[in-house]
1. Do you know which residues across the stretch A:35-51 are without any contact (Cβ under 8 Å) to a residue 12 or more places away in the chain and crowded, with 16+ Cβ neighbours inside 10 Å?
2. (1) over 18 Å from the mean Cα position of the chain (by Cα); (2) over 26 Å from residue C:357 (Cα atoms): which one isn't true of residue C:236, the others all being true?
3. Quick one: in the stretch C:19-42, of everything that is assigned to a loop (DSSP other than H, G, I, E, B) and of a type in the set (A, V, I, L, M), which residue is nearest to the chain's Cα centre (by Cα)?
4. Identify all residues within the stretch B:285-311 that are more than 17 Å from residue B:127 (Cβ to Cβ), part of a helix (DSSP H, G or I) and not charged (D, E, K, R); write none if there are none.
5. Scan the stretch B:25-54 residue by residue and report those that are hydrophobic (A, V, I, L, M, F, W, C) and at pLDDT below 80.
6. Which residue, of B:295, B:364, B:314, B:326, is under 30 Å from residue B:245 (Cα atoms) and small (Gly, Ala, Ser)?
7. So which helices (runs of 4 or more DSSP H) are wholly in the stretch C:84-154 and hold at least 2 residues that are farther than 28 Å from residue A:39 by Cβ and more than 23 Å from the chain's Cα centre (by Cα)?
8. Of the numbered conditions (1) over 22 Å from residue B:337 (Cβ atoms); (2) within 14 Å of chain A (Cβ to nearest Cβ), residue B:132 fails exactly one; give the number of that condition.
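The values are calculated or read from the model by the stated rules, or taken from the named source; none is laboratory data. For clarity, every value in this text was computed on a predicted model and none was experimentally measured. Positions of Cβ are backbone-derived with ideal geometry, glycine not excepted, and every protein chain shown enters the neighbour counts.
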Amino acid sequence: MIKIKTPKLKTLESIKLHLDALFTGAKEAIKPGTITIEYPRERRKLPDNFRGYILFSPERCKSCWQCSFVCPANAIKMELASNNRYYPSIDYAKCIFCHFCIDTCPVTALKPTKIHDVVYKDLEEMYTPTELMVKPPKIVREEEVTVEYVMDGDIILKKSKELDELFPEIEPHVEIKEHSVCIDPESCIACGICEHSCPVEAITRETIGQERHLRIDIEKCYGCGICVRSCPMHVLKLVRIREEKA
Amino acid sequence: MEEIVLDVPVQPPTELFLPVPKKFLEDAYKGDDYLVLVGPQHPGSGHMRIILRIKGDVIVEAIPDPGYVHRSMEKLAETRLYIQNIPLFERPAIMDTGNVTLGYVRAMEKALDVEVPERAKYIRVILAELSRIGTHLYDAGILAVFLGHTTGFMWPFALREPIVEAITRISGARITSSFIIPGGIRRDVPWNVLEFVRKTTFVLERRLKSFEKIFIKNPTVIERLKEVGVLSREEAIRFGLVGPFLRASGVEYDLRAVEPYEVYDSLNWEIPVSDEGDSYSRFLVRVEEISQSISIIRQAVNELRRIPEGKVISEDILQEYAEVASADIRGFFFRVFGELTLPLGEFTSLTEASRGTLLYSIISDGESNVPYRARVITPGWYYLKGFMEALRGERLADLQAIYGSFGYFPPEADR
Amino acid sequence: MNVNGLSGLNELLNELLSLLSMQHFLQNQVSIPLIQPIIDLLLSMPFVGYLVALILWKPMFALLIFPGLGTLMAVLLFIIWFERKLTARIQWRKGPVEILRQAGGVIQALADGMRYFFQEVIVHRDAHKPYFLQFPILIFIPVLLPLLFIPAGSIVGIESPYSLAIAVALISLIPVFIVAIGWASNSRYAYIGTIREAFMYFAYEIPFILAVISMILLYGTADMVEIVEKQNIPGIFLNPVAAFIFFLTTVMATSRLPFEIPEADQEIAFGPFVEYSGIMFGLVMTITYEKMYILALLMSVLFLGGGNGPDIPLLGNLSGVLWLFVKAMAIMVLLSFLRSIYARLRLDQALRLSWNTLMKISLLSLAIGIVANIAFGLGW
């Protein structure tokens, strides 16, 4: 426990404190510790893990919908593309840049950038469909200097002519292969919802005599998990391929 | 854009809306009292209306009218996944993201019975203490500008910049880090960032020295704050003050010491306490807390040297993804947390946030992936009563001094 | 009307005409050797010559150029920018830079003023409309008139044995106008602010006048021209106590921090001026700066030797102007500097300070004034 005592001001002490304050001010007026960064002429160097504008690579996406499920602000909407698959689109009027979607994406289809200053004409324009998410927005870079805060005894503004890379190379994370299996065929009611929901037509229903069988093509299935969530009887499950081999 | 024409007969209100009972108003005017409504759109009120009944220059009674920035956090929480509530709950408190998230996550961990890896615990403490320094500096700035001291306003806000920079390097976002998740943190923090955090503390210490000369020990500031808004020890307890404001009235109570969470019990730090209970001591206690937090951060960084990098998310929560995601949640976030369901029951956590006790209470029905009910009581709401009582009998100009000394933050209190 | 009367009228007319003639202006002309050829050229032109002679006529020069209107406007534009820049520098910021970037944003105040011009002036329902709109303009009378009495070297608008007394009396009128502005605003915060202004007015006025009287006693005259002449040693060394009182009361009178009590934007939202918008706000906002300018001039005349200083032959009469300007600006810079150092005191603390401490010290300064007068033999 530290006891804090408030000072009692006597005339002499008070004069000393007045002078202290005045001298401190004068010192700063002569040699200021300015830390202003003159944006946009100067731009701050941002760390590589900066959470900014999100880019999307559709060739990696497997339409698993997880990004739209996890979005806390309901900013991600899955749009039906011409190839009959669903791709995310982001409404930047809602997005809060928590990057839960990027942490969620199992296949690194969503990529963070350091772009954080995008201008829109109106609210409707802030809705960014998939086509626009593929390429970065048009950037006017006015800055000539990149400033970095270096903490070395005092705040030092390290200025360099080198422009900050806005699209950092992110190390890809570990990906695990999964596929869907039916864990309880007895309970399957053969409703066919999973068959219709599958984006790659890996699930087929077969009628052999009186019995209906669910067949999942492991080669085609890439573990998006849509069927797992759409199954009304909760009999489907994602399993890891590695475990299957073992 | 299509224009929508509303053909609704709208009548402007004929009577003025009064946030106080009419009788109160009449009583005030029958005597020679004067009713001043400060706020919510006033440079020195924050987002709250304070109804002051003034006799001469002395405040006879102060009635708060909170709720101007109420955002129904608790109700919204009932419609979101457990994990989605993390960004939601850190909205109310600017800068206090570390502590606010920590409280909610700890309530969830209590329910799930998760043991957090030690490295994650230290990094969480670093984040929480950075937030604490940031909030105290923010409040010091607001106090200064309320007293008309613009340098005292600008300097703490400038000093927040290194802290914001440190939080950015740790989590990727300047203010709303959303970095603490059940079972640990989102990803491991590299060593150069931790070194940056450690160096930042020295910069803060150095610059706070000149801040002390120009603002903290400024004679005009001392005159304005000393013996203003005094709350005695008994009053402070009766009005339910929390945090540094309770400690300023002479009660040695800090949740980090009373019910140690994370790694606070293994670190060396002191609880600053003052006996005076006036506005100045409320401010000084928080200034001392900044230096304590700096010391905690340095110790935590030093402790991290001996813990190898890697595992920062608990296996209890990762389960089957433990060996691939324990250092970085990337790729498994929804798979791990999407279907997270808390067991049946009510789970409460108490956290020492920057401005005082922060309570989270989550009621789970045991089967759904959203909370049945989430109760959040922020420190601002706890000490609002004490704040209003401190105003009584002071001068009108002291409203801002006392306001600033409490660091009252309406968005936090209104939730 | 008889013949005598007519001739009397003729004489009067002739006298008037001779007063308005160019020759009369040229007798009492500001001489600037540096640009004398240009002035001579201009004077030889038919109509321009008359105008130039009029402007260079010393009383007119005092009214229009220095210390009058022209310099006042320039100082207003400069000091508002400079104050922001200095405050920014102390506060680790950069201050206004974007408007005229090459010169560090020096015309920022002009740009703000222009913006005010195009803003709507809102007169709210409860205001007393005529007074609400009149007073911010009428307040220029007590602001501009004292400038005529302040001598800048040999340039002085009106010479009078009572010039100091008249100037101080006119300056004392400014708070009356501010109180009137607050009354016309008829709003709650304006009311509180006006009362604070009135309290502060009484609090600083007495020590202020006592400090001035002590200087009158010291120099043995209330004529500012004579006061400047008598200052072989600047007044600040003769009577430092009075200088201190004068400086402190200047801070109070111009409601600078730490005595920014009547305006106090965080407490009562700019006090008496809370209801103003547009160019009217621009006018009321500059009142304190104008007051600061006069008081700084007065202080440099009383304590820093006014226009005294090393004579610069090339500038001729402007040499005194330059020295007075430099001294006044130095005081204004000092006043601007205080803004970033201090917090605002409470009304009762400021009142206690001025009615108690300042009053005592100002009585002491009176005594010092009398003693110094005798000791240095400045005579009556």
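1. Across the stretch A:35-51, the qualifying residues are A:36, A:47.
2. Answer for residue C:236: the failing condition is (2).
3. As a first pass, look at the stretch C:19-42 and keep what is assigned to a loop (DSSP other than H, G, I, E, B): C:21, C:28, C:30-32.
Then keep just the ones that are of a type in the set (A, V, I, L, M); that gives C:30, C:32.
Working: C:30: 22, C:32: 25 Å.
The extreme case among them is C:30.
4. Answer for the stretch B:285-311, where residues must be more than 17 Å from residue B:127 (Cβ to Cβ), part of a helix (DSSP H, G or I) and not charged (D, E, K, R): B:285, B:287, B:291.
5. Kept after step one, since they are hydrophobic (A, V, I, L, M, F, W, C), are these residues of the stretch B:25-54: B:25, B:28, B:35-38, B:48, B:50-52, B:54.
Result: B:25, B:28.
6. Numbers: B:364 fails: under 30 Å from residue B:245 (Cα atoms); B:314 fails: under 30 Å from residue B:245 (Cα atoms); B:326 fails: under 30 Å from residue B:245 (Cα atoms).
So the residue among B:295, B:364, B:314, B:326 that is under 30 Å from residue B:245 (Cα atoms) and small (Gly, Ala, Ser) is B:295.
7. The qualifying helices (runs of 4 or more DSSP H) are C:129-138.
8. (2)
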